[in-house]
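Remarks on the structure that follows.
The values are calculated or read from the model by the stated rules, or taken from the named source; none is laboratory data. Not measured: the values here are computed from a predicted model. For neighbour counting, all protein chains shown are included, and Cβ atoms are generated from backbone atoms with ideal geometry for every residue, glycine included. Remember, those area values only see protein heavy atoms, side chains included, never the ligands or the DNA or RNA. Shrake-Rupley method; radii C 1.70, N 1.55, O 1.52, S 1.80 Å.
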Amino acid sequence: MKTAKTITDNKVDPDVLAYTVGDDPVLDLDLAVWDCMGTAAHVTMLSEMDLARPIVTRREAAAVRKELGRIAKSAEKGDFSIRIDDQDVHMAVERLLTEKLGDLGKKIHTGRSRNDQVAVDVRLHMKDQLLRAESETVALAAELRSMGARGGRLPLVGRTHLQPAMPSTVEMWATGHAEMVLDQLVNLEAAYKLADLNPLGSAAGYGVPLPIDRRRTTELLGFARTIHNCFGASMARGECEAALLSAMAQLMAVLSRVAQDLILFSMPEFGYFRLPREYCTGSSIMPQKFNPDVLELVRSKAAQVLGLQTASLSLLHAMPGGYNRDLQDCKWLYMKALSITRQTLRILAKVVAGAEIDADRCRAAFTPGVFATDVALRLVAQGTPWREAYHEVRDHLERLDFEDPDAAVAAKKHEGATAAIDHGLYAKRETEALKSVAKRLGALMAAKKALLS
């Protein structure tokens, strides 16, 4: 039986090596720049340790950082590759440093394990991706708000159980979805806060007998704080990914409901909205068809992300403390969910921006029963007890034939009702969120530039 030699000098059966390496040579390409950044911070810290004989001198650390900068640039251009005998991005970077710098490249792993190394890479990658997802979430909310502004107080039948219920407006429908989307920033922020913790220096989960300065790498990498307990830092891997997946799943569930409403309300039987033709697909046999395939796929992809979240929690729930190789599979789960969710946010924003509103169809959908609750409440305002008003209206629905939908929506003036939708409130939230994203993303990019320039 032939064996393959890895960088750790273990001889491993090729089938076992391929099975354990899995998709890392492909997935880790997304982590290459962040691995270089984490290594630059680590080697800088090593050069600053108070030892009689430095493991790495400051001059050597500068040489390593310079070479790491070159590797990072090649990764950004798509010229970086990971061999199967590298196993992962960490060993690929170490191999390249050793080829260029000799024995100095062999020193960079001092005081580290691939456990804390990949945890740092993943968290830096998550921070970057979550901030970009937050921006795209705001962009979709802004398009929904804009659609609401286009529709304004145009009456739209509000529905419960999909049946006609009470007078609403296009503005209320669109900005209601916008608010739901914006509210998902809370979950994205929670996932970001968990990712913004530094596990570097925990090594295999039990620390190292060297005077490493974990706060220094936290400072260099721009993390909010260090994960204090080394064992806890090791166990946090996987939990961090699961938190991100939970945020993605909940966001996708919200996006799926937007898609479902757009599918329903653009059906000929409703006709309230018209979807942009360029975002609909045709039929191979029926020439007249323009199908909302993209919106149907939003529903499907929401189910996929929910499945990825379930997989991550299932993977973790019976795992013993300390590092276990199962955690490797968390990487694919969270990366896939991020890719699906970010793509969905961008596509759905395009569909919403191009959707047209048919005012005539919106008004034509009103039937007398839609006004029943409003009329009953008018009777209450005149002194009739609620239950009597309820029965009076229910028993004489024929009296509602001449109700005016425009007057009905204009009569609701309390906060958040049809005549009192505050676009400024949404605009303010969007602006504040984008400012926060820009500040944090700027800090992350500044830290990367300082370490890899």
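Table for the structure above
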quantity: Selected residue (criterion: nearest to GLU171 (Cα to Cα)) from residues of segment 322-331 that are open to solvent by 20 Å² or more (accessible area, probe 1.4 Å) and touching a helix residue (DSSP H, G or I) at 6+ places or on another chain (Cβ under 6 Å); calculated: ASP326
quantity: Residues located in segment 315-360, provided they are among the polar types (S, T, N, Q) and under 19 Å from the mean Cα position of the chain (by Cα); calculated: SER339, THR341, GLN343, THR344
quantity: Qualifying residue in segment 289-298 (condition: farther than 30 Å from TYR206 by Cα, among the aromatic types (Phe, Trp, Tyr) and either out of contact with any Gly (no Cβ under 7 Å at 6 or more places or on another chain) or open to solvent by less than 60 Å² (accessible area, probe 1.4 Å) (or both)); calculated: no
quantity: Residue list for segment 267-279, restricted to those being free of Cβ contacts under 8 Å to residues at least 60 places away in the same chain and either in contact with a Phe, Trp or Tyr (Cβ under 8 Å, 6 or more places away or on another chain) or open to solvent by less than 10 Å² (accessible area, probe 1.4 Å) (or both); calculated: ARG277
quantity: Residues of segment 157-177 classified as among the hydrophobic types (A, V, I, L, M, F, W, C) and either free of Cβ contacts under 8 Å to residues at least 12 places away in the same chain or farther than 15 Å from ASP374 by Cα (or both), total; calculated: 5
quantity: Residues of segment 215-260 classified as free of Cβ contacts under 8 Å to residues at least 40 places away in the same chain and basic (Lys, Arg), total; calculated: 2
quantity: Filtered residue count, segment 64-80, keeping only those that are open to solvent by 40 Å² or more (accessible area, probe 1.4 Å) and either in contact (Cβ under 8 Å) with a residue 12 or more places away in the chain or farther than 21 Å from LYS106 by Cβ (or both); calculated: 6
quantity: Residues that are closer than 13 Å to ALA61 by Cβ and within 33 Å of the chain's Cα centre (by Cα), drawn from segment 82-111; calculated: ILE108
quantity: Filter result for MET235 (open to solvent by less than 30 Å² (accessible area, probe 1.4 Å) and not in a loop (DSSP other than H, G, I, E, B)); calculated: no
quantity: Hey, PHE371 surrounded by 15 or more Cβ atoms within 10 Å (Cβ to Cβ) and either within 20 Å of MET166 (Cβ to Cβ) or not β-branched (Val, Ile, Thr) (or both) or not; calculated: yes
quantity: Residues located in segment 1-31, provided they are surrounded by 15 or more Cβ atoms within 10 Å (Cβ to Cβ) and either more than 28 Å from the chain's Cα centre (by Cα) or modelled with pLDDT of 80 or more (or both); calculated: ALA4, THR6, ILE7, VAL12, LEU17, ASP28, LEU29, ASP30, LEU31
quantity: Conditions (1) under 32 Å from the mean Cα position of the chain (by Cα); (2) open to solvent by 40 Å² or more (accessible area, probe 1.4 Å); (3) modelled with pLDDT of 95 or more; (4) of a type in the set (Ser, Thr, Tyr); number of the one not met by THR39; calculated: (2)
